[in-house]
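First the structure, in the form of structure tokens, and then the observations on it.
No lab work stands behind these numbers, since they all come straight from the coordinates. Small disclaimer: the values here were computed from a predicted structure and weren't measured. Don't worry about glycine lacking a Cβ; one is built from the backbone with ideal geometry, like all the others, and counts go over all protein chains shown.
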Amino acid sequence: MAHRFIVVETAGGVQTITFNRPDVLNSFNTPMALEVQAALAVAAADPAIRAVLLTGAGRAFCAGQDLEEVRPVEGGDARDFASHVQTVYNPIVRAIRQLEKPVVAAVNGVAAGAGANLALTCDLVLASAQAAFLQAFVKIGLVPDTGGTFFLPRLVGMARATAMMLLGEKVTAQQALEAGMIYRVVEADRLLAEASELAARLATQPTYGIGLTKRLLNASLVNGLEAQLDLEAELQGAAGRSADYAEGVAAFLARRAPVFTGK
Ligand code: T3D
């Protein structure tokens, strides 16, 4: 598929998706969102892709919804944001969480509104020391979306999530790290290299088992202990039948490095 608003590169088992509307801080217009959805569908379908990396071109990661696209028209009908969110943002959140492959976010600059919450949907979030996260919705009278009200309280607790969402203040990368929102802060000039190295490393790991681990982590957000123990047992059964388990144990016993195929 040809892309206008994102750049998609696949190499070494890693699909890199770069939001590419730097003049408007990579804010989402509908075509860009549909391109991201399509790229993630390719990542899900292609067994050669074993990790995904999301980042932004220029000085921002993503400033959320393109507000020019949804500019209110005086005397016009109000936009149907309910269906816009259902067709534009929710499929991306579902695709990232349901993708049974690791998704790394390299947050290279400001991540605002849906852009912030999209980053928090990813499995491992690395941020440039110059990046910031902003629950910008309140500034324009909207409510947080793109999974933010699900993930953020679980990441940082209700008190801090409430403050971020009601005040809409910038949270620096360092504050985000200290609050447990993200995995690592990296110097700006090293961010893409380090995030790419991490994604490349993940792409050599037991992808099937990693996918099952993601399934367990997703379930843990809503399950009770009994259901989670049952699911762990079931998925350990599946992992134990995988080629990568046989390879991992054989390599361990032979004192050599494993070569995982992702199966
Ligand atoms: O279904 C629906 O559509 C509803 C769902 C909505 C989901 C959402 O994401 S709502 C939240 C939308 N996002 C925002 O409200 C953030 C708006 N942007 C900002 O607050 C600031 O731009 C930032 C804090 C992110 C960065 O500030 P700063 O000072 O570094 O940059 P800037 O000067 O404000 O922006 C640079 C340019 O990008 C500027 O254009 P110009 O003046 O150079 O021609 C600015 O207008 C443009 N830009 C930034 N964000 C957006 C944008 N243009 C359109 N939409 C944006 N979101």
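Our helix-only sum for the chain, with -39,500 (n - 2.57) per DSSP H run of n ≥ 4 divided by its residues, gives a mean residue ellipticity at 222 nm of -13000 deg cm²/dmol. Counted by Cβ distance under 11 Å from Gln86, the other residues give a net charge of -1, where Lys and Arg count +1 and Asp and Glu count -1. Loop-located GluC sites (Glu not before Pro) across the range 124-233 with a Cβ neighbour count of 16 or fewer within 10 Å are Glu169, Glu187, with loop assigned by DSSP. Across the range 85-165, Cα-Cα pairs more than 21 Å apart make up 25 percent of the total.
Relative to the Cα centre, the charge distribution of the chain, modelled as +1 at Lys and Arg Cβ and -1 at Asp and Glu Cβ, gives a dipole magnitude of about 480 debye.
Taking trypsin sites (Lys or Arg not before Pro) across the range 22-96, the ones in a DSSP loop with at most 15 further Cβ atoms lying within 10 angstrom of their Cβ are Arg59, Arg79. Three principal axis extents describe the C-alpha atoms of the range 12-124; from largest down they are 52, 28, 19 Å. Cut-off is 10 Å between beta-carbons; in what order do Leu198, Leu221 appear when sorted fewest neighbours first? In increasing order of surrounding Cβ atoms, one gets Leu221, Leu198.
When peptides 61-69, 17-25, 212-220 are sorted by average Cβ neighbour count within 10 Å, with the highest value leading, the order is 61-69, 17-25, 212-220. Straight Cα distances below 13 angstrom link Lys214 to the aspartates and glutamates Glu100, Asp123, Glu232, with same-chain residues fewer than 8 positions distant left out.
Computed over Cα pairs, the Kirkwood radius of the chain leads via Stokes-Einstein (1.567 mPa s, 4 °C) to a diffusion coefficient of 67 µm² per second. Taking a Cβ cut-off of under 14 Å around Ala193, the surrounding Lys, Arg, Asp and Glu residues balance to a net charge of -1, with basic ones at +1 and acidic ones at -1.
The residues packed around Arg21, meaning those with a beta-carbon under 10 Å from its beta-carbon, carry a net charge of -1 if Lys and Arg are +1 and Asp and Glu are -1. Note on the range 188-261: dipole from Cβ charges, positive end direction compared against Gln205, Gly237, Val222; the farthest Cα belongs to Gln205. Each of Leu54, Leu167 was scored by other Cβ atoms within 10 Å of its Cβ. Listed from fewest to most, they are Leu167, Leu54.
Among the DSSP helices (H) of the chain, those spanning at least 18 angstrom by Cα along their long axis with an average Kyte-Doolittle hydropathy of 0.0 or more are 30-45, 207-220, 225-240; this is a geometric and hydropathy rule only.
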